[in-house]
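The values are calculated or read from the model by the stated rules, or taken from the named source; none is laboratory data. Please read all numbers here as calculations on a predicted model, not as lab measurements. A quick note on method: Cβ atoms are made from the backbone with ideal geometry, for glycine too, and the neighbour counts reach across all protein chains shown.
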Amino acid sequence: MIRLEGIAKEYYMGDVAVRALDGIDLEIQRGEFVSIMGPSGSGKSTLLNILGVLDQPSRGAYYLEDVDITQLRDGELSKIRNRHFGFIFQAYNLFPELTALENVMVPLMYAGKPRRERRERAEELLAKVGMEHRLGHLPTQLSGGEQQRVAIARALANSPTLLLADEPTGNLATDQGNEIMGILQDLNRQGTTVVIVTHDPAISAFGKRLLRLRDGKIVSDELIQQIAQEA
Ligand SMILES: Nc1ncnc2c1ncn2[C@@H]1O[C@H](COP(=O)(O)OP(=O)(O)OP(=O)(O)O)[C@@H](O)[C@H]1O
Ligand SMILES: [Mg+2]
């Protein structure tokens, strides 16, 4: 599904280049569940943002279904982003003035779905993450774990083929974090490709493949024994 070849990323601070990624070669197949670990500053978020086309590499090629998308224009890239990718962040990033239901309806509105369909689909997605009983709650009226479940429902609104999550459990207690990972594992079993960044080895073990980054390079890439999902 995805192939990165020789991806490098430098950020410029005035004249000084900060090398965030340095020669990344990576293939991700449909249906994988990849965990990315590595020390702070090793380039994990940069890699995730490039995978999700939120950021452009300085060099290298990014093939999505065999098309090199580094050659495309911004408008085409945002179409790809909306059609293929769902994002989950550590800080949930919900709209504070909108209810759980309205938050999930937002991407459906951008996708031009009629109001009634938006509502039905948003309800269905919230049920999928166990939030059908909190439709009318504002983010401040939800626990951290509940907010992240709403954020996952929102990320799923446009049926992404790839779900990207940067420290999705970073602000959560262990129990809540495990619940969130159980949901991602379920989604992966139903066919969604998942890539997560985490500091926590216990969280990375929910994946089927573990990449380790150091100084902007992939230093190991191995299949792992996925931990059993709780019933
Ligand atoms: N916008 C930016 N401008 C300049 N330098 C940046 C920018 N974003 C990241 N960097 C630098 O690039 C390197 C990689 O950053 P990145 O955020 O990818 O690390 P990370 O592995 O996600 O770290 P953490 O675990 O702390 O989140 C770091 O040295 C960082 O300081
Ligand atoms: Mg990061």
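So here's what we get for this one:
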{"item": "Residue check for Tyr92: modelled with pLDDT under 95 and under 25 Å from Glu179 (Cα atoms)", "result": "yes"}
{"item": "Unmet requirement for Gly6, which otherwise passes all of (1) at pLDDT 95 or above; (2) under 23 Å from Leu77 (Cβ atoms); (3) within 12 Å of ligand 1 (Cβ to nearest atom)", "result": "(3)"}
{"item": "Residues of region 132-182 classified as within 16 Å of ligand 2 (Cβ to nearest atom) and either in a loop (DSSP other than H, G, I, E, B) or not small (Gly, Ala, Ser) (or both), total", "result": "7"}
{"item": "Total residues in region 187-206, condition away from ligand 1 (no atom under 16 Å from the Cβ), assigned to a loop (DSSP other than H, G, I, E, B) and within 19 Å of Leu51 (Cα to Cα)", "result": "2"}
{"item": "Filtered residues of region 101-130 (kept if over 20 Å from the mean Cα position of the chain (by Cα) and outside any helix (DSSP H, G or I))", "result": "Gly112, Lys113, Pro114"}
{"item": "Long-range neighbours under 6 Å by Cβ, at least six apart or interchain, first residue among the polar types (S, T, N, Q) within region 28-46, second in a strand (DSSP E or B) and more than 9 Å from ligand 2 (Cβ to nearest atom)", "result": "Ser35/Ile196; Ser35/Leu210; Ser42/Leu213; Ser42/Arg214; Thr46/Lys9; Thr46/Ala20; Thr46/Leu21"}
{"item": "Complete set of residues in region 42-71 that are more than 16 Å from ligand 2 (Cβ to nearest atom), closer than 25 Å to Val18 by Cα and of a type in the set (A, V, I, L, M)", "result": "Val53, Ala61, Ile69"}
{"item": "Residue count for region 54-67, restricted to those that are modelled with pLDDT of 95 or more, within 16 Å of ligand 1 (Cβ to nearest atom) and not basic (Lys, Arg)", "result": "3"}
{"item": "Restricting region 71-112 to residues that are among the hydroxyl-bearing types (Ser, Thr, Tyr) and over 19 Å from Ser45 (Cβ atoms), the residue that is surrounded by the most Cβ atoms within 10 Å (Cβ to Cβ)", "result": "Thr99"}
